[in-house]
Protein chains: 2
Amino acid sequence: MINKDQIADQYKLIQDEISAALESLDGKAKFQEEIWEREGGGGGRTRIIQHGDILEKGGVNFSAVYGKLPEAIKKAFAVEEDDFFATGVSIVIHPNNPWVPIIHMNIRYFELNEELRWFGGGIDLTPHYVIEEDAQYFHQELKKVCDQFKDSFYQEFKDWADQYFFIKHRNETRGIGGIFYDKLTPSKAGISNEAIFDFSCALGRAFPKIYAELVNRNRAKEYTEEEKQWQLLRRGRYVEFNLVYDSGTKFGLETNGRIESILMSLPEQANWFYNFIPKSDSLEEKTLSLLKKGVQWV
Amino acid sequence: MINKDQIADQYKLIQDEISAALESLDGKAKFQEEIWEREGGGGGRTRIIQHGDILEKGGVNFSAVYGKLPEAIKKAFAVEEDDFFATGVSIVIHPNNPWVPIIHMNIRYFELNEELRWFGGGIDLTPHYVIEEDAQYFHQELKKVCDQFKDSFYQEFKDWADQYFFIKHRNETRGIGGIFYDKLTPSKAGISNEAIFDFSCALGRAFPKIYAELVNRNRAKEYTEEEKQWQLLRRGRYVEFNLVYDSGTKFGLETNGRIESILMSLPEQANWFYNFIPKSDSLEEKTLSLLKKGVQWV
């Protein structure tokens, strides 16, 4: 049976592969790495890339932490166990060019004991401007990964992403969704832990190819000052989602995680323009009309 | 006995006085006003000033709303009453110049019935750079207002502000505090409802004078690109506080308030620079050392 060290080792390798692929995609910027240790046990490797040719700010983080479960989390999980182990890879990329989408990926594993263990993760896309062919490509690729493991995965995890990546107070989805899953176990997934683990690795390994395609389709496009402003406004929404709703961020802030690693998900710059209303028939208006749950891209 | 309409009328007048004073202070920008109605009852006047000579973005909002209390709030307040009335004035100002501080003021009144009614509010200052004489002046002026009503108010409400305006995950206060009070009733305050109301009006009327002094002391100061960057980073912290901790923001987001009025508190632009560490003996480092609870400015 696959154990936590094997999972952490493989996730670490995936972090290496993705960092290398992103540096090569950007062609200019290099990751800067911080190795950190957690007081209660374990630690991580935070890698940040900044001021690249295309990647304005991005993070590819690996961590493997263990220790005593905080009381609040024990309550939230409704468990009696005291010890936990958690490992994962987390990525958020904010590009310079408004035509290139923001992307987020996370794969994670959590264990209390041999019976209480589960996987979570997902990939979702936040285009500043929704380009329909790109959205279709993105979802198609995610479906391909899912279909290798179970027929129902794509639709189930796509719907889950629509529910999860939702900015309630704006009545908007964060972007065009993707897939999201949490607390996945053999009994829920209908496949073994090994297969769930393989699924998470396949997602991690699909990430650089998918993002490279989306970057390369759009990186050479010119943009106006108005389009840049719209990007900064959409980044403001991203900040709102992450600080108000994102469970990973909340978990990190409440458990004294390494703040700079948790908040690497925030863009270098975000703006809030009071009461901005897009012009009729503009691309901004079209984008807003597509930021809703239940759009079938495949 | 002072009633809710008299309170709302006076608060509306205070909004007018403050808007006029801020326009005159800026000398260039004018407020734009939105009158809005709330579906469940009542409404407000949102006034936003932007791209001024000194005021980059600011809001002076008045609202008076009534209706049925949402279940979640009934639980939080531990009351059985269904009807509520709430009125208040809320201000946040983000200046262009990093030497000029961000300021926030709020005075509010909440009523369920003639027995269950209370006042809340406060003024707090968030300098990008803490200037000790300005911080002393600010607290001294607040103390003067408090001392007119009760000897213990200043220290009590100053300590409350230190507790409230705290960014737990950064282990920093939002700024240099000020005063904060909530659910103030005659039995808690030791003064009548009329006197508490007069106190809130005195605070509202002290605001323009205090802020004008702080603006005029600093508006002509030149600043470098590095100082501007630091301002943008501090604004990022302001965004973190407001989205993660501020009760008024949370209340608004959870009760379907008018989003653009609630989030007027966010700056036009905020930045997150990964792992920024101020140089030793710099003004940035000094500022950080003063962003803590319990500093006695008076």
Check: Scanning the stretch B:92-122 for residues that are over 23 Å from residue B:230 (Cα atoms) and of a type in the set (A, V, I, L, M, F, W, C), which turns out surrounded by the most Cβ atoms within 10 Å (Cβ to Cβ)?
Finding: B:107
Next item on the list: Run down A:50, A:10, A:15 and say which single residue is surrounded by 15 or more Cβ atoms within 10 Å (Cβ to Cβ), in contact (Cβ under 8 Å) with a residue 60 or more places away in the chain and within 14 Å of another protein chain (Cβ to nearest Cβ).
Entry: A:50
Notebook entry, point to check: Taking the condition within 26 Å of residue A:165 (Cβ to Cβ) and free of Cβ contacts under 8 Å to residues at least 60 places away in the same chain, does residue A:72 pass?
Noted result: no
Notebook entry, point to check: Taking the stretch A:54-75 as the region of interest, how many residues are over 18 Å from the mean Cα position of the chain (by Cα), aliphatic (A, V, I, L, M) and within 21 Å of residue A:259 (Cβ to Cβ)?
Noted result: 4
Margin query: Tell me the residue from B:149, B:180, B:165 that is in contact with a Lys or Arg (Cβ under 6 Å, 6 or more places away or on another chain) and either more than 16 Å from residue B:291 (Cβ to Cβ) or among the hydrophobic types (A, V, I, L, M, F, W, C) (or both), please.
Written below: B:165
Next item on the list: Collect the residues in the stretch A:274-288 that are buried (at least 16 other Cβ atoms within 10 Å of the Cβ) and facing another protein chain (nearest Cβ under 10 Å), keeping them in residue-number order.
Entry: A:274
Notebook entry, point to check: Do any helices (runs of 4 or more DSSP H) lying entirely in the stretch B:161-261 carry at least 3 residues that are touching a strand residue (DSSP E or B) at 6+ places or on another chain (Cβ under 8 Å) and of a type outside the set (D, E, K, R), and which ones are they?
Noted result: B:193-218, B:225-244
Checklist line | Candidate set: the stretch A:137-188, residues that are among the polar types (S, T, N, Q) and surrounded by fewer than 18 Cβ atoms within 10 Å (Cβ to Cβ); chosen: the one farthest from the other protein chains (Cβ to nearest Cβ) | finding: A:148
Note to self: Among the listed residues A:67, A:58, identify the single one that is buried (at least 17 other Cβ atoms within 10 Å of the Cβ) and assigned to a strand (DSSP E or B).
What the structure shows: A:58
Checklist line | Failed condition for residue A:191, given (1) out of contact with any His (no Cβ under 6 Å at 6 or more places or on another chain); (2) surrounded by fewer than 18 Cβ atoms within 10 Å (Cβ to Cβ); (3) within 14 Å of another protein chain (Cβ to nearest Cβ); (4) among the hydrophobic types (A, V, I, L, M, F, W, C) | finding: (3)
Next item on the list: Using the structure shown, decide if residue A:28 is in contact with a His (Cβ under 9 Å, 6 or more places away or on another chain), away from chain B (no Cβ under 14 Å) and outside any strand (DSSP E or B).
Entry: yes
Next item on the list: Determine which single condition residue B:291 fails, assuming it passes every other condition in (1) within 14 Å of another protein chain (Cβ to nearest Cβ); (2) crowded, with 16+ Cβ neighbours inside 10 Å; (3) modelled with pLDDT of 95 or more.
Entry: (1)
Margin query: For the structure I just gave you, tell me whether residue A:250 is exposed (fewer than 15 other Cβ atoms within 10 Å of the Cβ) and basic (Lys, Arg).
Written below: no
Notebook entry, point to check: Restricting the stretch B:233-253 to residues that are of a type in the set (D, E, K, R) and under 23 Å from residue B:120 (Cα atoms), which is farthest from the other protein chains (Cβ to nearest Cβ)?
Noted result: B:246
Next item on the list: Those residues that are surrounded by fewer than 21 Cβ atoms within 10 Å (Cβ to Cβ) and within 7 Å of chain B (Cβ to nearest Cβ), I need them from the stretch A:254-268; list them, please.
Entry: A:259, A:260, A:268
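The values are calculated or read from the model by the stated rules, or taken from the named source; none is laboratory data. Being a predicted model, the structure only gives us computed values, none of them experimental. No Cβ is skipped: glycine too gets one built from the backbone with ideal geometry, and neighbour counts run over all protein chains shown.
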